[in-house]
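Heads up, the thing below is written out as structure tokens.
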Amino acid sequence: MRKFKQSLASFAVPLLSILLAFLIGAIIIALRGASPLTALQYLWKGAFGTKATLGTTLAKSTPLIFTALCACFAYRCGVFNLGGEGQFIMGSIVACVIGLNSGLTGLPGILLCLIAGALAGGVWGLIPGILKVTRGQNEMIISIMLNYVATLLMGVVYTSWLRDANVPQTPSIPVGLKLSRIVHGMRFTSAFAIAVAVGLILYYFLFRTSSGFKLRAVGYNMTASRFNGFPVNRYILASFIVSGAVAGLGGSAELLGSQFRLINGFGAGYGFDGVAMALIGQLHPIASMVVAIFFAALRTGSTTMQAATGVPTSVSDIIQALVIVFTVAGMALVKLPEFETFRMKLSGGDRKEVKSA
Amino acid sequence: MSWDFVSNLILASVRMAVPLLFIALAELYSERAGMVNIGLEGLAAIGSLVGFLVCFITGSAWLGILSGALVGIAVNMIYAFATITLCANQIVYGMALNIFAPALASFIYRVYFGTGSELSQITLMSGIGIPGLKNIPFLGELLFNQTPMVYFAYLLVIVTVLYFNKTRSGLNYKAVGEHPKAAATLGIPVIRIKYIACILCGALSGIGGAYLTTCYANTYTEGNVAGRGFIALAAVIFGRWTGGGILLACLFFGFCDALQIRLQVANFGLPYQFFQMIPYVATVLVLSLIGAKKAGPRAGGQPYRREER
């Protein structure tokens, strides 16, 4: 019963938060002098209205799914990997360098780029992991610092090392390396399928295998796991590697599937967005993927909304940010003992029942 | 390497250290009451934008700083309510601030200035030299010929050190961060002090952000806080949660920033981004070198529930 109540809350709270965020978004739109209903209609049309827009939404959700899974997996092991962006970028840098220089095309070339990207992300994620395990250092600060280093390194690549003549960007990767679209007329590529597959694998691992159970146990109570003889440090390192590799794979898939070159702003903000989506998705891989698609829909839809009604696209950023603000607060609220008492009073139960529950 | 180069470098280090110092002191006041706030980056971002905007409209850098502080408080009250009253996880909520506050800042900026790429500029706060003292060679320039915000930052360090070590109220404040239940049994108003800590933290981070636009660069660009909120977290650890330690840590990080800019200008034939990495790499190295001697407030990050026995 208690478990059921908890899972009910973990569905209800994010949904209510989304509603509340949209309500505030509507108020902002109204204050800007546009009709909220029309704006929201265009938002919906722009995201899901036609086959093409749905394809764009799925294409935009692909990198977000990867970074959401990255944040989700590390949190499940009790560590805060805020370096998804850096790991994503390192993956794309390595994929870009290999893609432009290896001369391999077709499936072998693509596989090489993807695997190398995942490795690069894993190594970049391992750095904060090692510093946490061996030096007891704060993994959040380290992983964020490494985001800045990765972004600057990408800058070196597209402004100096692999610069495309006068333009500060790298040349496009060869056509033979570009990921193909799955459905004709829709922009999303096999990168989306890879993202979903990774999400399903992570779900299976976390909830259906004993190693996954142990990893979650480490995340739930590190001290107890240590006393139980779980190799806690090994799990922490592994979770950093896997979560970094997922982000790195995302970076290389985004490069091969959608951007084709490194350019200023590549991957910017994806790391923190991933954290937000993982938190709204209650650290569940599949729920996080759904949230990622929702965020992507907000983004594609808001462009149409801006064109049609003049409401700036940044309204969707505000809505997105409000969802996370409300969800986290809401989840804390329903866990408070006072809330339980309040709820019981409403349903007419007496307080004794609460204590025994 | 001439004397001019060195003295300019030291002067620039001090200037670069000031915004960090405000933000790091913000975190110190927060953590001393057991509130780990990693949302400093977001608070500074919104402070920076609002400070810029108010200065742009009114023409007064002072009003800019003041409104930066106020908006910092306002946004941090969301964090305070969620973490103190609702007992939400402080780290997670800090992240929520880091996502929410910059989104709000960029929204306000776009609504006000439209999507035009033209940069609006403001007049920076002017320096006030202290008569007589400012004429001492080098030291006068370094210590007595700065903007009032620099004097304010150093004054704040002294006040902070005295407050936490020499006053009863400061000791009570620290007790909340060390052992809130014991503090409560002694009649210390734990919840109230935690809220006060969040007000101070919001105000100081907002000021730190507003300093960036009103005293340092005369324009606002997205991402202008550039990780200072997180470097400030490292500065608090590096400074071992003391006012003096944090001052030294911020001067060190300010030095890295100043050095980085000078090396870029000197042009060694390396891509400039390698020099820009210096402050971030230095932060990683410093944190790895000092290791984790646990010196912070013992109840940091833990929610406090009055009902629990």
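Some points to look at:
- Taken together, the criteria place A:Ala68 among residues that are under 30 Å from A:Ser172 (Cβ atoms), at pLDDT 95 or above and within 14 Å of another protein chain (Cβ to nearest Cβ).
- Under the condition of being surrounded by fewer than 17 Cβ atoms within 10 Å (Cβ to Cβ), touching a residue at least 24 places away in the same chain (Cβ under 8 Å) and touching a His at 6+ places or on another chain (Cβ under 9 Å), the residues counted in segment A:189-213 number 0.
- Those helices (runs of 4 or more DSSP H) lying entirely in segment A:1-88 with at least 2 residues free of Cβ contacts under 8 Å to residues at least 12 places away in the same chain and over 30 Å from A:Ser180 (Cα atoms): A:2-31, A:36-44
- Residue identified as at pLDDT below 95 and out of contact with any His (no Cβ under 6 Å at 6 or more places or on another chain) among B:Ala69, B:Ala61: B:Ala61
- In segment A:267-278, residue nearest to A:Leu19 (Cα to Cα) [restricted to those that are in contact with a Phe, Trp or Tyr (Cβ under 8 Å, 6 or more places away or on another chain) and not small (Gly, Ala, Ser)]: A:Met277
Quick grid of which residues meet (1) surrounded by fewer than 21 Cβ atoms within 10 Å (Cβ to Cβ); (2) of a type in the set (Lys, Arg); (3) not in a helix (DSSP H, G or I):
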{"site": "B:Asn172", "(1), (2), (3)": "yes, no, no"}
{"site": "B:Arg192", "(1), (2), (3)": "yes, yes, no"}
{"site": "B:Ile207", "(1), (2), (3)": "no, no, no"}
{"site": "B:Phe230", "(1), (2), (3)": "no, no, no"}
{"site": "B:Leu233", "(1), (2), (3)": "no, no, no"}
{"site": "B:Ile246", "(1), (2), (3)": "no, no, no"}
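- A:Val242 being more than 14 Å from every other protein chain (Cβ to nearest Cβ) and free of Cβ contacts under 8 Å to residues at least 12 places away in the same chain: no
- Picking from residues in segment B:1-16 that are free of Cβ contacts under 8 Å to residues at least 40 places away in the same chain and part of a helix (DSSP H, G or I), the one that is nearest to B:Ile231 (Cα to Cα) is B:Val6.
- Residue within segment B:46-62 that is in a helix (DSSP H, G or I) and within 12 Å of chain A (Cβ to nearest Cβ) present: yes
- Test for B:Ala88: is it within 14 Å of chain A (Cβ to nearest Cβ) and either out of contact with any Gly (no Cβ under 8 Å at 6 or more places or on another chain) or part of a helix (DSSP H, G or I) (or both): yes
- Flag for A:Ile142 being assigned to a helix (DSSP H, G or I), facing another protein chain (nearest Cβ under 7 Å) and touching a residue at least 12 places away in the same chain (Cβ under 8 Å): yes
- Scanning segment B:257-271 for residues that are surrounded by fewer than 19 Cβ atoms within 10 Å (Cβ to Cβ) and in a helix (DSSP H, G or I) yields B:Leu259, B:Ile261, B:Arg262, B:Leu263, B:Gln264, B:Val265, B:Ala266.
- The combined condition, being out of contact with any strand residue (DSSP E or B) (no Cβ under 6 Å at 6 or more places or on another chain) and crowded, with 17+ Cβ neighbours inside 10 Å, is fulfilled by A:Ala245.
- Counting only residues that are surrounded by 24 or more Cβ atoms within 10 Å (Cβ to Cβ) and either without any contact (Cβ under 8 Å) to a residue 60 or more places away in the chain or of a type in the set (Ser, Thr, Tyr) (or both), segment A:89-114 holds 1 of them.
- Residue check: A:Cys113 meets all listed conditions (1) modelled with pLDDT of 95 or more; (2) under 20 Å from A:Leu200 (Cα atoms) but one, namely (2).
- A residue that is more than 19 Å from the chain's Cα centre (by Cα) and within 12 Å of chain B (Cβ to nearest Cβ) can be found somewhere in segment A:264-273.
- Every pair of residues 6+ apart whose Cβ atoms lie under 8 Å, when the first sits in segment B:225-247 and is without any contact (Cβ under 8 Å) to a residue 24 or more places away in the chain while the second is assigned to a helix (DSSP H, G or I) and surrounded by fewer than 24 Cβ atoms within 10 Å (Cβ to Cβ): B:Ala226/A:Tyr148; B:Gly245/B:Phe238
- The residues of segment A:73-85 that are out of contact with any Gly (no Cβ under 7 Å at 6 or more places or on another chain) and either surrounded by 24 or more Cβ atoms within 10 Å (Cβ to Cβ) or not assigned by TED's automatic domain parsing to the domain that holds A:Glu254 (or both), listed by number, are A:Phe73, A:Ala74, A:Val79.
- Residue list for segment A:249-269, filter: surrounded by fewer than 24 Cβ atoms within 10 Å (Cβ to Cβ) and assigned to a helix (DSSP H, G or I): A:Ser258, A:Gln259
Every residue, every condition in (1) surrounded by 15 or more Cβ atoms within 10 Å (Cβ to Cβ); (2) assigned to a helix (DSSP H, G or I); (3) within 14 Å of chain A (Cβ to nearest Cβ), yes or no:
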site: B:Gly68; (1), (2), (3): yes, yes, no
site: B:Val71; (1), (2), (3): yes, yes, no
site: B:Asn76; (1), (2), (3): yes, yes, yes
site: B:Phe81; (1), (2), (3): yes, yes, yes
site: B:Leu97; (1), (2), (3): yes, yes, yes
site: B:Ile108; (1), (2), (3): yes, yes, yes
site: B:Pro137; (1), (2), (3): no, no, no
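- Pairing residues of segment A:305-323 that are at the interface with chain B (Cβ under 9 Å from one of its Cβ atoms) with residues that are among the charged types (D, E, K, R), at Cβ distances under 6 Å and at least 6 apart in sequence or on separate chains, gives A:Pro312/B:Arg110; A:Ser314/B:Arg110.
- Residue ID - surrounded by the fewest Cβ atoms within 10 Å (Cβ to Cβ), chosen from residues in segment B:272-309 that are within 8 Å of chain A (Cβ to nearest Cβ) and at pLDDT 90 or above: B:Val281
- Qualifying residue in segment A:326-342 (condition: outside any loop (DSSP other than H, G, I, E, B), within 15 Å of the chain's Cα centre (by Cα), within 14 Å of chain B (Cβ to nearest Cβ) and under 29 Å from A:Met145 (Cα atoms)): no
- Listed by position, the helices (runs of 4 or more DSSP H) enclosed by segment A:152-244 that each have at least 2 residues that are among the β-branched types (Val, Ile, Thr) are A:190-208.
- Total residues in segment A:31-61 satisfying the condition of being more than 28 Å from A:Phe192 (Cβ to Cβ) and β-branched (Val, Ile, Thr): the figure is 1.
- Looking at B:Gly254, B:Gly223, just one residue is within 13 Å of the chain's Cα centre (by Cα), under 29 Å from B:Phe56 (Cα atoms), modelled with pLDDT under 95 and not polar (S, T, N, Q), and that residue is B:Gly254.
The values are calculated or read from the model by the stated rules, or taken from the named source; none is laboratory data. Predicted model only: the values in this text are computed from it and were never measured. Please note: Cβ atoms are built from the backbone with ideal geometry, for glycine as well, and neighbour counts cover all protein chains shown.
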